Amino acid sequence: MHFGRKTLTRYTIEQEHRHPGVSGEFSSLLNSLATAIKIISNQVNKGALIGALGNAGTDSASVNVQGEVQKKLDVMSNDVMLQENEWSGNLSGMASEEMEDVYVLPTHCRRGKYLLVFDPLDGSSNIDVNLTVGTIFSILRAPNPGKDATLEDFLQPGTQQVCAGLALYGPSTMLVLTTGDGVDGFTLDRDIGAFILTHPQMRIPDDTHEFAINSSNSRFWEPPVQRYVTECLAGQTGPRGRDFNMRWVASLVAEAFRILTRGGIFMYPKDSKDATKPGRLRLLYEANPISFIIEQAGGKSTTGRERVMEMSPTELHQRVPLIFGSKNEVERVAGYHAEYASGKEPDTFNSPLFSTRSLFRTQ
């Protein structure tokens, strides 16, 4: 029973009551987003029962703008996000990681004062092996309310976000949300069809003993990241004087939620694997909303060289490095980048871990 516990609907209405004069459009938008998330959760949960597993097709049409093969659930989830949010009258446009251009609303739909950007199904490489996937979204104010949104309207720094959220489709379906006043987590109660506030005011510990990184890319990392990981792996006998655990789920929403609940640091740093890409993750659909959530929970987020949310986007599908999590560890990694940029190279790189027969061979 949930007597006395807040539903998402009550939560959003109470938030609006704190700001006299608001129109109700924002709570309406969050409700349509919640409906979309419930539908996607249901599709993910049924999986093979509804033929939702596997790739979307075998031709070029099944490759998205990122050059990635789309899963059936990628396409289905994208359609759900568009269809459930276009008709409400709260948006002037949407942009999706799965679509090359800005989505123009159907002519019969009223244009509103917000913009919605989203990754409809993050971590979709995990779908067929039944691991956690999710949805990431960000809400911005439309520079020209009531009119069709243009590409330039979406190119706002993360500091301009009105709201950011992520949904996890795991053992339970969860929605994590920030409107700039902390981070709250909701769990879907399928018996009543409502999201219930179960994790109020989530906070990330300043310190951690866990780091998450794809170590198969170690030979492509820059020296500051190699230095940090080497120190963590050295454990109690190394310069940090304590042991660390390493995690890697290959699902950004799962990594972020773990850090929100028990701390940690996630790194998808700049590397030399593909010189044409300055980073792996998308600024608008992934890095900005995750950074907003993490910072509101007391953590930090950086590219290694600058605060993610202060970056000025130059294109819809811009990629960036992303390092976020417990404050003190993120600051340490950023400090190593600053030292490296200034020409200071510590003796760390003479460590046996980087020798010819080492785990992290650099040459």
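Of the residues that sit in the range 319-333 and are under 25 Å from Leu155 (Cβ atoms) and aliphatic (A, V, I, L, M), which one is nearest to the chain's Cα centre (by Cα)?
It comes out as Leu322.
Could you list, in sequence order, all residues of the range 66-117 that are part of a loop (DSSP other than H, G, I, E, B) and among the β-branched types (Val, Ile, Thr)?
Just the residues of the range 66-117 that are part of a loop (DSSP other than H, G, I, E, B), to begin with: 66-68, 70, 87-90, 97-102, 104-113.
Across the range 66-117, the qualifying residues are Val102, Val104, Thr107.
Do the conditions hold for Ile192, that is, is it in contact with a Gly (Cβ under 7 Å, 6 or more places away or on another chain) and of a type outside the set (S, T, N, Q)? Don't jump to the end; show me each part of the working.
Values: in contact with a Gly (Cβ under 7 Å, 6 or more places away or on another chain): no; of a type outside the set (S, T, N, Q): yes.
No: the conditions fail for Ile192.
Restricting attention to the range 249-260, does a residue exist that is part of a loop (DSSP other than H, G, I, E, B) and out of contact with any helix residue (DSSP H, G or I) (no Cβ under 7 Å at 6 or more places or on another chain)?
Checking the range 249-260: not a single residue is part of a loop (DSSP other than H, G, I, E, B) and out of contact with any helix residue (DSSP H, G or I) (no Cβ under 7 Å at 6 or more places or on another chain).
With respect to Met174, is the statement that it is buried (at least 16 other Cβ atoms within 10 Å of the Cβ) and touching a His at 6+ places or on another chain (Cβ under 9 Å) true? If you could, list the steps in order and put the result at the bottom.
Working: buried (at least 16 other Cβ atoms within 10 Å of the Cβ): yes; touching a His at 6+ places or on another chain (Cβ under 9 Å): yes.
It is true that Met174 is buried (at least 16 other Cβ atoms within 10 Å of the Cβ) and touching a His at 6+ places or on another chain (Cβ under 9 Å).
Sort out which residues of the range 240-256 are touching a residue at least 12 places away in the same chain (Cβ under 8 Å) and surrounded by fewer than 18 Cβ atoms within 10 Å (Cβ to Cβ), and write them in order of number.
If the condition is that a residue be touching a residue at least 12 places away in the same chain (Cβ under 8 Å) and surrounded by fewer than 18 Cβ atoms within 10 Å (Cβ to Cβ), then Arg242, Asp243, Asn245, Met246, Arg247, Trp248, Val249, Ala250 are the ones that fit.
Take the residues in the range 206-236 that are among the charged types (D, E, K, R) and touching a strand residue (DSSP E or B) at 6+ places or on another chain (Cβ under 8 Å), then tell me which one is surrounded by the most Cβ atoms within 10 Å (Cβ to Cβ).
Per the stated criteria, the residue is Glu210.
Please list, ordered by residue number, the strands (runs of 3 or more DSSP E) wholly in the range 118-200 having 2 or more residues that are under 14 Å from the mean Cα position of the chain (by Cα).
Per the criteria, 133-141, 163-169, 173-178.
For every residue, the table says whether it meets (1) in contact with a Ser or Thr (Cβ under 8 Å, 6 or more places away or on another chain); (2) free of Cβ contacts under 8 Å to residues at least 40 places away in the same chain.
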| residue | (1), (2) |
| --- | --- |
| Pro223 | no, no |
| Gln226 | yes, no |
| Ala275 | no, yes |
| Asn288 | yes, no |
| Gly298 | no, no |
| Ser301 | yes, yes |
| Glu310 | yes, no |
| His317 | no, no |
| Pro321 | yes, no |
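Need the failing condition index for Tyr103 against (1) over 23 Å from Gln296 (Cα atoms); (2) touching a residue at least 40 places away in the same chain (Cβ under 8 Å), just the number.
For Tyr103, the failing item is (2).
Going by the conditions given, is Met76 within 29 Å of Tyr268 (Cβ to Cβ), buried (at least 22 other Cβ atoms within 10 Å of the Cβ) and over 15 Å from the mean Cα position of the chain (by Cα)?
In short, no.
We did not get these values from a lab; they are worked out from the coordinates using the rules stated. The structure presented is a predicted model; accordingly, all values stated were derived computationally and were not measured. In this analysis, Cβ positions are derived from the backbone assuming ideal geometry, glycine residues included, and neighbour counts consider all displayed protein chains.
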